[in-house]
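Notes follow once the structure below has been shown.
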Amino acid sequence: MKEEPRTLGLALGGGAFRGTAHLGVLKALEEEGLRPGFLCGTSAGAMAAAFYAFGMAPEEIRNIARNLRWLKVTNLTFSKLGLLSNNEIGKFIEKYLGDVLIEDSSIPLAIVAADISTGEKVVFKTGSLADAIMASTCIPGVFMPAQINGRMLVDGAIVENVPVKVLKDMGAKVCIGVDLGSGGYRQPESMVEVLLNAFSIAIDRTIHHQRDQADLIIKPSLAGYSLTDSGNSIKLYAEGYRSGIMVLDEIKILLDKAGPSSLEVLEQKFRSWLET
């Protein structure tokens, strides 16, 4: 597979169970030989980015996601800070990827969370992957905040749902965002769904400036797909794949324009010399 080690970056946005669409996008790019050199994600996007960055194939991740249910990754809590605990998400990550560190991923990876006490964006590039994912997926009001390094952390979507700026800071030349928002909202049937709808509506209203920072935004058509129903994983994967296929030519044009830096050209020549 062709590598884009210092050029192409993907920022995967939040979207709860709609996150399976990210896997279809990754598959479409992978088939064309476009492997990202940088990955970052928020919430569901953080989970998709993490599994892929640690070497798992999109189809394998999709099969895991098909069996994922709210009750498997949450626990009811009596805390005044949230209805549920997402400690099980950390155990879920460790079950499939192990007790790994973010910096050990095969693709440079960043996970976005937010400090609910200060409003500050918190970007994890090192440390426990499980802890970072737990923080990034802590939807305020639904889950208790994650307590990490003395900070009270929640879902990064409230500060940067499609974290394109993080990609730029990591060094990506071509920054592609995948936005799973604005898929419409269903009439809620539980307190959790009320909170999720409110959270999603607020994020959808404030995401425009994040899109403007991207070289390209991939936006799968997800109208009608619930945030909490994992039963549509195959359809979501297919929609992500379709949306990825549609922008392949645009991505290639962006990569051609970006080109390698003089240092990268020198490194490539040096590697070729070593191999002769």
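The values are calculated or read from the model by the stated rules, or taken from the named source; none is laboratory data. Just so we're clear, the structure is a prediction, and the values are computed from it rather than from any experiment. Because the Cβ atoms are built from the backbone with ideal geometry, glycine has one as well, and the counts that use them run over all protein chains shown. Heavy atoms of the whole protein, side chains included, go into the accessibility calculation; ligands, DNA and RNA do not. Shrake-Rupley method; radii C 1.70, N 1.55, O 1.52, S 1.80 Å.
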| note | Of the candidates Ala16, Ala50, Ala11, Ala57, the one satisfying the condition of being open to solvent by 10 Å² or more (accessible area, probe 1.4 Å) and either within 21 Å of Ile158 (Cα to Cα) or in contact with a Cys (Cβ under 6 Å, 6 or more places away or on another chain) (or both) is Ala16
| said: Condition first: of a type in the set (Gly, Ala, Ser), in contact with a strand residue (DSSP E or B) (Cβ under 9 Å, 6 or more places away or on another chain), under 20 Å from Ser117 (Cβ atoms) and surrounded by fewer than 21 Cβ atoms within 10 Å (Cβ to Cβ). Now tell me which residues in segment 135-175 satisfy that. | reply: Gly141
| query | Can you name every residue in segment 39-57 that is among the small types (Gly, Ala, Ser), part of a helix (DSSP H, G or I) and farther than 10 Å from Leu26 by Cβ? | reply | Ala44, Gly45, Ala46, Ala50, Ala53
| note | Residues in segment 195-227 that are open to solvent by less than 60 Å² (accessible area, probe 1.4 Å), at pLDDT 70 or above and touching a Leu at 6+ places or on another chain (Cβ under 7 Å) total 6
| Hey, among Gly45, Gly82, which residue is under 19 Å from the mean Cα position of the chain (by Cα) and either modelled with pLDDT of 80 or more or open to solvent by less than 20 Å² (accessible area, probe 1.4 Å) (or both)? | Gly45
| What are the residues in segment 176-194 that are open to solvent by 60 Å² or more (accessible area, probe 1.4 Å) and either out of contact with any Pro (no Cβ under 8 Å at 6 or more places or on another chain) or at pLDDT below 80 (or both), if any? | Ser182, Tyr185, Arg186, Gln187, Glu189, Met191
| field | Considering residues of segment 110-134 that are among the small types (Gly, Ala, Ser) and either modelled with pLDDT under 95 or not in a strand (DSSP E or B) (or both) only, the residue most open to solvent (accessible area, probe 1.4 Å) | value | Ser117
